[in-house]
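Asks: I have a structure here, written as structure tokens, and I will follow up with some questions on it.
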Amino acid sequence: MSVLVMKKEGSMTSLVDNQIEAAEKEWLGLWKQGPTRLRWTKVPLQVGDLAPDFELQDTSGKLVHLRDFWSNGPALILFWRHYGCSCGVDRAHRLQNEYADYIKLGASVVVIGQGEPERSKDYSQRNGIPCPVLCDPTFSVYEAYDLLEGKPSQIVYDAPEEYLRIDYETGAELQKSRHGTDGGLVDSPWQLPGEFVVDQTGIIRLAHRYQHCEDWPNPSILIPAIKESIWQNEA
């Protein structure tokens, strides 16, 4: 039994390592390209609009409908930065402290991340994310919820000119310095997060799109939006 477990764990580790390697290449390629989605070409989803539903894999690889999270009550949907961003680690810590309050209100909470199921599971476990994590490595859901990319000035604080100019060699050196750490640079360097409250009928009640990578909404904003979702459906 232990040999089988070791083999399984070994293969899983190898798979995650391969996914990280591919995600690092993606990060560097997108760094070189620079941000491309800096403005909306149409009116973005807003309060009162129907939330788009998607079928996504969870960390076990199971396909899950996003609508399942608001089918029995309001849902708080958190779109994550990439899995090497320190902002994501800080948001995970904040979520740990806030989570019980959202659940007590009857809300479901779900994270949407950029990684594959295996890498998302590893990240979730390492950072103690208390809710399910769904996987959107193609950014389809990010784009459907009209989440923009950010400029270097929104992503890297007090950035030297090399970062602001998106110098390729500077980006490559930065990624190399963080390779093999929990802060390894993977996925999209530019994707900005967002947080949405959706009511039981699938209507968006709060749309918070980050203006910079630490633009976390205060629970004092999220909790009233969840309460409004319940009251408006009871009316």
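The values are calculated or read from the model by the stated rules, or taken from the named source; none is laboratory data. If you're wondering where the values come from, they're calculated on a predicted model, not measured in any experiment. In this analysis, Cβ positions are derived from the backbone assuming ideal geometry, glycine residues included, and neighbour counts consider all displayed protein chains. Protein only, heavy atoms only, side chains kept; ligands, DNA and RNA dropped before computing areas. Shrake-Rupley method; radii C 1.70, N 1.55, O 1.52, S 1.80 Å.
Asks: Once the cut-off is 16 Å, how many percent of the Cα-Cα pairs in segment 7-126 end up in the long-distance tail?
Replies: More than 16 Å apart: 72 percent of the Cα pairs in segment 7-126.
Asks: Express the Stokes-Einstein translational diffusion coefficient of segment 97-206 in µm² s⁻¹, to the nearest whole number, given a Kirkwood radius over alpha-carbon pairs, 10 °C and a viscosity of 1.306 mPa s.
Replies: My calculation gives 97 µm²/s for D.
Asks: While we're here: Test of understanding: express the Cα radius of gyration of the chain as a ratio to 2.2 N^0.38 Å, with N the residue count.
Replies: The reported ratio for this selection is 1.04.
Asks: Give the separation of the Cα centroids, segment 28-60 to segment 123-142, in Å.
Replies: 15
Asks: What percentage of all Cα-Cα pairs in segment 37-81 are separated by more than 17 Å?
Replies: Every Cα pair in segment 37-81 considered, those over 17 Å come to 50 percent.
Asks: Among Gln57, Gly115, Gly128, which residue has its Cα positioned farthest towards the positive end of the charge dipole of segment 38-154, with +1 placed on the Cβ of Lys and Arg, -1 on the Cβ of Asp and Glu, and the dipole taken about the Cα centre?
Replies: Gly128
Asks: With +1 assigned to the C-beta of every Lys and Arg and -1 to the C-beta of every Asp and Glu, and no other charges, what is the dipole magnitude of the chain about the Cα centre in debye, to the nearest 20?
Replies: In total the dipole reaches around 200 debye.
Asks: How large is Rg over Rh for segment 142-211, taking Rg from the Cα atoms and Rh as the Kirkwood inverse mean of 1/r across Cα pairs?
Replies: That ratio is 1.11, to two decimals.
Asks: Put Lys32, Lys151, Lys42 in order of accessible area, largest first, 1.4 Å probe: what do you get?
Replies: Lys32, Lys42, Lys151
Asks: Here is a follow-up. Any chance you could look up the accessible area of Phe69 with a 1.4 Å probe, heavy atoms only, rounded to 10 Å²?
Replies: Its accessible surface works out to 30 Å², give or take rounding.
Asks: Provide Arg165, Arg81, Arg37 ordered by accessible surface of protein heavy atoms (probe 1.4 Å), highest first.
Replies: Highest to lowest solvent-accessible surface, that is Arg165, Arg37, Arg81.
Asks: Order Ile221, Ile230 by their accessible area, 1.4 angstrom probe, all chains in place, largest first.
Replies: Ile221, Ile230
Asks: Can I ask one more? Going by the alpha-carbon gyration tensor, a ≥ b ≥ c the square roots of its eigenvalues, is segment 125-175 rounded (a/c under 1.5) or, if a/c is not under 1.5, prolate (a/b greater than b/c) versus oblate?
Replies: Prolate, since a/c reaches 1.5 and a/b exceeds b/c.
Asks: Taking amide H positions as placed in the peptide plane 1.01 Å from N, state which residues far from Cys85 in sequence (5 or more) or on other chains have amide H under 5 Å from it.
Replies: Amide H neighbours of Cys85: none.
Asks: Compute a Gaussian network model of the chain, connecting alpha carbons closer than 10 Å, and tell me which residue from Asp58, Asp146, Asp101 fluctuates the most.
Replies: Asp101
Asks: By the gyration tensor of its Cα atoms, with a ≥ b ≥ c the square roots of the eigenvalues, what is the shape of segment 7-77: rounded for a/c under 1.5, prolate for a/b over b/c, or oblate?
Replies: oblate
Asks: Note down the accessible area of His93, probe 1.4 Å, to the nearest 10 Å².
Replies: That residue has around 90 Å² of solvent-accessible surface.
Asks: Let me check against my output: what whole-number percent is the relative contact order of the chain, with C-alpha pairs under 8 Å and at least 6 apart?
Replies: 30
Asks: Right, next: Using only protein heavy atoms and a 1.4 Å probe, report how much of Cys131 is accessible, in Å² to the nearest 10.
Replies: 10
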